[in-house]
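J.: Structure in structure tokens, see below.
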Amino acid sequence: MTLKIMTAYLNLIRFKIKKLNSQLFRLYFILLGLNLKKGGHLGRIICDWPNKLFIGKDCEIGDNVVFWLKTPFVKSNYIKIGNNVFVGNNCNFNCNSYIEIGNDCLIAAHVKFADINHGIDLSSKINEQEISIDPIIIGNDVWIGLGSSVLKGVVINDGAIIAAGAVVNKTVPPNEIWGGVPAKKIGERK
């Protein structure tokens, strides 16, 4: 057997093991209550409360995606991802109320969602102050670029694009392209 053939066999075995491992990981989270539709791929996610996570059909969820829920015993604290959504590696969903992602969205690696903000009043320590929360809603056919941050109360409407590294702190109208820190309109889809 030549080295080339042996390498091909080893790669095939590695692929089969990886696929089996992925199926076992998927089954593990389903048994814990993850609401996962058929198709797609579920990477090695981190989620303490999978029963509060809803993932639509044919989604591709990358490795090291963190789904963190602050108040899992409150009905209104959940994360919902629509159908045919791509979520890149190392994304972070910091959810205190709810986060909803529409259908056919692309979320690049290292994107952060945080529906919370801390108080900054000088009269007391920051970690002792009231927090404010407001849900995040992402429409359909949205593309969020590498390393972006989406903050509390933001609605990104259908067809919008968020440039890499943007910090989105206000609502984005349909089909507009936003970028920068803080994000602002830089173009439109045509």
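The values are calculated or read from the model by the stated rules, or taken from the named source; none is laboratory data. All values reported here derive from a predicted model rather than from experimental measurement. Glycine also receives a Cβ, built like all others from the backbone with ideal geometry; neighbour counts cover every protein chain displayed.
J.: When you scan segment 118-126, do you find a residue that is touching a His at 6+ places or on another chain (Cβ under 9 Å), acidic (Asp, Glu) and over 29 Å from Lys190 (Cα atoms), even just one?
T.: Scanning segment 118-126 turns up no residue that is touching a His at 6+ places or on another chain (Cβ under 9 Å), acidic (Asp, Glu) and over 29 Å from Lys190 (Cα atoms).
J.: Here's something else I'd like to know. Please count how many residues of segment 28-64 are of a type in the set (D, E, K, R), closer than 17 Å to Cys95 by Cβ and either in contact with a strand residue (DSSP E or B) (Cβ under 6 Å, 6 or more places away or on another chain) or buried (at least 18 other Cβ atoms within 10 Å of the Cβ) (or both).
T.: Of the residues in that region, 1 qualify.
J.: Which of the following residues is of a type in the set (A, V, I, L, M) and touching a residue at least 24 places away in the same chain (Cβ under 8 Å): Ile177, Ile138?
T.: Ile138
J.: Is it true that Gly139 is within 15 Å of Lys185 (Cα to Cα), small (Gly, Ala, Ser) and touching a strand residue (DSSP E or B) at 6+ places or on another chain (Cβ under 7 Å)?
T.: Considered against the rule, which asks whether it is within 15 Å of Lys185 (Cα to Cα), small (Gly, Ala, Ser) and touching a strand residue (DSSP E or B) at 6+ places or on another chain (Cβ under 7 Å), Gly139 comes out as no.
J.: Sticking with this one: What number of residues within segment 95-130 satisfy the criterion of being loosely packed, with under 15 Cβ neighbours inside 10 Å and under 27 Å from Ile45 (Cα atoms)?
T.: Residues that pass the stated criteria total 1.
J.: Listed residues Phe25, Phe73; which is surrounded by fewer than 17 Cβ atoms within 10 Å (Cβ to Cβ) and at pLDDT below 80?
T.: Of Phe25, Phe73, the one residue that is surrounded by fewer than 17 Cβ atoms within 10 Å (Cβ to Cβ) and at pLDDT below 80 is Phe25.
J.: Out of all the residues in segment 79-96, is one or more aromatic (Phe, Trp, Tyr) and modelled with pLDDT of 95 or more?
T.: yes
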